[in-house]
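The structure under discussion appears below in the form of structure tokens.
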């Protein structure tokens with residue numbers, strides 16, 4: 001397999017973007033990535049697009065053809081990849097394989113979701129499609145509900161508290177203040193989280209990631225070619241993915257995302273490092289409990305200690321491991337199909353020393369972790385500084 | 001042997017209750033006058049996810065378990081209700097599917113105001129009596145609505161009773177049946193109307209009393225019996241007052257009718273009311289006890305039965321006796337009741 | 001999105017009666033039933049199994065923001081039930097005070113309305129759970 005590098009990254013503003021449609025967002029991100037890669041566009045040989053629910057949200061399928069068209073990239077092959085909230089990472093991973101296999105040397109990945117054209121109820125219902133329609137959703141399950149079922153078990157088995165969960169949200173809001181692309185650039189307190197409206201006990205509104213519009217794009221290049229082309233690349237040293245049962249109830253344990261553990265262990269093996277080497281991680285905090293489980297499942301903390309570590313500030317910038325410097329899904333926003341690609345963008349900025357007010361000093365390895373549904377898909381990538 | 005009897009029965013009553021006083025409070029009525037006038041102090045209210053079909057399924061499952069037979073042996077399913085969930089699409093097939101009796105059976109819905117349940121039992125009886133089938137089920141199930149503020153709102157309750165009839169191992173024999181019917185416009189609900197209309201005091205003498213007396217006298221004449229020959233009598237009970245009055249008129253004592261008088265605790269369960277009363281009596285009956293049953297359905301008619309408890313009744317007691325079911329209750333206020341009955345438009 | 005009519009109808013028997021499957025090779029129960037035993041794969045032998053409907057609460061939440069078609073039911077208790085036979089299943093706990101629900105409580109299956117399209121639409125029935133007597 002050939003080695004692969006990220007040579008350009010870009011993203012649109014994340015938020016409620018009433019003035020922009022899906023096409024506008026993806027062009028904003030794509031143009032920024034191509035400019036960042038110092039390319040013309042004509043060098044790009046293939047496109048992979050990640051979108052979860054455009055058909056349900058805006059009635060538009062065939063998103064990759066749309067992106068290629070909007071960015072003036074025709075007639076290159078354009079493929080959509082879907083894996084619920086992990087769609088962006090899956091698109092990235094497929095682009096990675098396309099270069100690693102030797103088929104192409106320059107490929108673009110675009111992740112996008114335009115969510116606010118649908119009503120909140122429609123968006124919630126569309127996201128529900130990531131679960132088991134017949135045996136979870138029809139029973140009245142919602143995504144906050146499924147993660148709440150995990151949170152309840154985590155609290156019961158490990159003594160995790162609502163304050164510990166809230167700390168993840170508070171920290172991510174604090175990080176987002178320094179990210180000009182983030183949806184919520186304001187600090188909040190633990191009390192704000194605890195006193196926010198209950199959504200699915202014990203989860204409250206401020207435990208949940210928002211509904212967001214946004215797009216992110218990255219350009220991948222064969223590593224040897226990247227070295228000739230630019231000094232500003234980061235190397236992809238691991239790409240791993242695992243699956244689990246679609247329905248949460250079929251899992252042995254509700255206090256871990258098993259697919260995350262398996263993908264992480266494979267990723268560390270590929271990179272030849274352990275979790276202690278990771279300096280920055282963008283993890284999938286669709287709900288605060290998801291971040292607590294992620295920092296355990298990724299090996300940063302022992303199982304059951306993720307909540308306490310979060311409350312103790314060990315995942316803050318300057319802590320043991322900086323988690324979600326972008327603000328994470330919670331505060332940067334979660335335009336579902338864009339999230340996995342945005343995580344790569346943030347980690348690339350960190351490894352290139354361009355993360356502005358949230359830069360981690362001397363970071364060598366960065367990790368991204370993207371989950372689909374309640375954990376039926378998990379994708380882990382590790383990137384290395386040039 | 002063509003004798004037909006009750007192989008098992010089951011009752012289901014929602015756990016929610018609203019007190020007559022709570023309804024009276026909203027409409028500026030005096031609680032004491034309502035309770036005295038109707039002879040009931042509270043009524044059952046279905047949960048948001050309960051309807052005539054779910055109550056019927058719960059009752060039917062209890063009846064199957066009481067009889068201890070393979071549900072697949074049930075070859076007819078009749079459900080009487082004035083609140084079938086669908087105007088068109090049978091409740092009977094829902095229940096048959098949910099107890100595992102499909103597909104080789106005869107299924108149909110009945111409507112005859114409050115006597116649709118006994119109509120189902122009579123037709124089950126007829127099919128078995130004719131030798132066509134060995135087991136059949138008749139169910140009365142309702143979640144009836146009274147117009148807000150109307151006298152009916154204090155009494156319209158929810159419940160279901162299922163009777164599984166057969167020839168073998170019965171706990172009681174149905175010794176005779178008799179029916180009485182005329183065209184009497186005492187109470188009705190037109191297609192697409194949410195709430196029923198009624199003739200006020202006209203529902204009494206020309207409606208309820210004439211027909212219940214007609215049914216009860218008819219079965220006693222047919223069987224050659226007198227009121228004193230019965231250990232129990234069960235009459236349709238739209239409120240707590242009418243059945244006590246009709247019992248007096250017919251010559252039955254309080255001892256004979258009180259055990260089967262359940263409406264004062266749960267309201268009028270319409271198609272289920274007479275059958276729930278019968279179930280409560282069977283919970284207590286001893287071998288050899290004779291029971292007179294006379295239902296009433298507006299429009300109007302009465303189905304009457306002469307039933308005798310068999311020797312098996314003592315050893316085959318129901319695991320869910322009516323008086324225990326009605327004790328499982330939680331009170332709700334008028335706002336919650338309005339939500340449960342979908343009187344709120346979202 | 002409104003689930004299609006055949007989708008709601010197709011598993012009626014299973015949804016009404018809690019019918020799943022059991023692998024005769026390894027003894028594992030599945031609800032809903034599976035065509036392939038994930039443990040035994042080709043060596044698995046799956047047969048239909050009707051669950052007793054009894055189990056215990058494994059985890060629960062109170063859903064206060066409902067998806068389309070469930071708005072009238074909020075707040076409702078959603079749980080994962082560990083069925084006595086060993087399979088876990090998602091279902092609502094009905095007729096219960098949300099403050100009195102605890103992990104480990106015994107429950108039994110009840111038959112209730114699951115979903116209604118609109119006043120003129122289809123009613124979907126199926127299993128839910130209530131606290132056992």
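Descriptive notes on the structure:
- Anisotropy class of segment A:45-85 from Cα gyration tensor, a/c 1.5 cut: oblate
- Within segment B:67-110, backbone nitrogen closer than 14 Å to the virtual label 7 Å beyond the Cα of residue B:169 toward Cβ: B:67-74
- Per-residue shielding of B:334-343, expressed as the average number of other chain Cβ atoms within 10 Å of the residue Cβ, stands at 1.
- Cα-based shape type of chain A, given that a ≥ b ≥ c are square roots of the gyration tensor eigenvalues and the cut on a/c is 1.5: prolate
- Of A:98, A:217, A:290, the one that fluctuates the most in a GNM where chain A has Cα springs shorter than 10 Å: A:98
- This ranking places A:342, B:217, A:225 by how few other beta-carbon atoms lie within 10 Å of each, fewest first, which gives B:217, A:225, A:342.
- Net lengthening on full extension, residue B:253/residue B:333 (0.36 nm per residue, minus Cα-Cα): 25.2 nm
- Nearest-0.05 FRET efficiency for residue A:302 and residue A:386, computed from C-beta distance (R0 35 Å): 0.60
- Extending 7 Å from the Cα toward the beta-carbon at both residue A:121 and residue B:343 defines two label points whose distance is 2.3 nm.
- Neighbour counts of other Cβ atoms within 10 Å put B:223, A:164 in the fewest-to-most order B:223, A:164.
- Chain B: relative contact order in percent, alpha carbon pairs under 8 Å with at least 6 residues between: 25 percent
- Shielding by partners, peptide A:248-256 (average Cβ within 10 angstrom, other chains): 4
- Paramagnetic reach from residue A:245 (point 7 Å along Cα→Cβ, amide N under 13 Å) across segment C:86-103: C:86-91
- Inter-centroid distance (Cα atoms) of segment C:29-81 relative to segment A:307-328, Å: 35 Å
- Each stretch of four or more DSSP H residues adds -39500 (n - 2.57); spread over every residue of the protein assembly as shown, this sum gives -9000 deg cm²/dmol at 222 nm.
- Average beta carbon contacts from partner chains per residue of C:121-131, 10 Å cutoff: 3
- Angle between chain B longest axis and helix B:273-284 axis [Cα atoms, degrees, rounded to 10]: 60 degrees
- Note on residue C:26 and residue B:132: the model spin-label points, each 7 Å out from Cα along the C-beta direction, lie 5.1 nm apart.
- The mean sequence separation of alpha-carbon pairs under 8 Å and at least six residues apart, normalised by the residue count of chain A, gives a relative contact order of 26 percent.
- Gyration tensor (alpha-carbon) shape descriptor, segment A:118-210, a/c threshold 1.5: oblate
- Distance between segment A:249-301 and segment A:33-108 - C-alpha centres, whole angstrom: 26 Å
- Neighbour-count ranking [beta-carbon atoms within 10 angstrom, fewest first] of B:192, B:66, B:236, A:154: B:192, B:66, A:154, B:236
- Within the protein assembly as shown, antiparallel bridges make up roughly 75 percent of the DSSP beta bridges whose residues both belong there.
- Our note on the geometry: Cα centres of segment A:147-181 and segment B:128-174, 53 Å apart.
All of the numbers you see were taken from the coordinates with simple rules; none came from a lab. Fair warning: this is a prediction, and the values are worked out from it, not measured in the lab. FYI the Cβ positions are ideal-geometry reconstructions off the backbone, even for glycines, and counts take in every protein chain you see.
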